[in-house]
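Here the structure comes first, spelled out in structure tokens, and everything after it is commentary.
The values are calculated or read from the model by the stated rules, or taken from the named source; none is laboratory data. Predicted, not measured: the structure shown is a model, and the values here were computed from it. All Cβ positions, even for glycine, are placed from backbone atoms using ideal geometry, and neighbour counts span all protein chains on display. The accessibility values were calculated without ligands, DNA or RNA, using every heavy atom of the protein model including side chains. Shrake-Rupley method; radii C 1.70, N 1.55, O 1.52, S 1.80 Å.
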Amino acid sequence: MKLYRIGELAKAADVSERTIDYYTKLGLILPEKRTQKNYRLYSSETLKRLERINQMKQEKYTLEEIREKLDQWSTVSGEEQVNEKLSSLEIRMQQLEREVKELEPLISNLKPGQARRAYTNLMPQSLACIEAIQILMNHNPFN
């Protein structure tokens, strides 16, 4: 198992050493052990945890929300996490399906140029999300 000193971990995670200290103080990450000279050593699992923290920060989660999510994830199994996420996604997809059905009559009443402009205005992120959902729905891990 690879262990990182603070500077090495900070560089690998692309964060500052102060960030590592701050997250340690908050309890978001914990050192695996200490050296004889009392240096904190962090595991490669901590690096993965930092990557998750950075991703959630980019998604605009607060540090308190991140702590709650990380605590929640550490108390449930991977299978439970997947089931929870899939259930949540299914509910959102059903809601989107209802909204699309509400749009169908409105779209059918548009002139061809208006419909084309409406489709052109779809954001690239929306299209990427639709494609990702299609890939997920077509992916069967039991094949």
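Brief remarks follow.
Listed here are the residues, each with its yes/no results for (1) out of contact with any Leu (no Cβ under 8 Å at 6 or more places or on another chain); (2) modelled with pLDDT of 90 or more; (3) among the polar types (S, T, N, Q).
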position: Lys11; (1), (2), (3): yes, yes, no
position: Arg18; (1), (2), (3): yes, yes, no
position: Glu32; (1), (2), (3): no, yes, no
position: Ser43; (1), (2), (3): no, yes, yes
position: Leu47; (1), (2), (3): no, yes, no
position: Ser74; (1), (2), (3): yes, no, yes
position: Glu80; (1), (2), (3): yes, no, no
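- Hits in the range 1-17 (condition: open to solvent by 50 Å² or more (accessible area, probe 1.4 Å) and either among the hydroxyl-bearing types (Ser, Thr, Tyr) or not in a helix (DSSP H, G or I) (or both)): Met1, Lys2, Arg5, Asp14, Ser16
- Of the residues making up the range 32-56, those that are surrounded by fewer than 16 Cβ atoms within 10 Å (Cβ to Cβ) and basic (Lys, Arg) are Lys33, Arg34, Lys37, Lys48, Arg52.
- Just one residue in the set Ile29, Ile20 is touching a helix residue (DSSP H, G or I) at 6+ places or on another chain (Cβ under 7 Å), open to solvent by less than 90 Å² (accessible area, probe 1.4 Å), part of a helix (DSSP H, G or I) and not small (Gly, Ala, Ser); that residue is Ile20.
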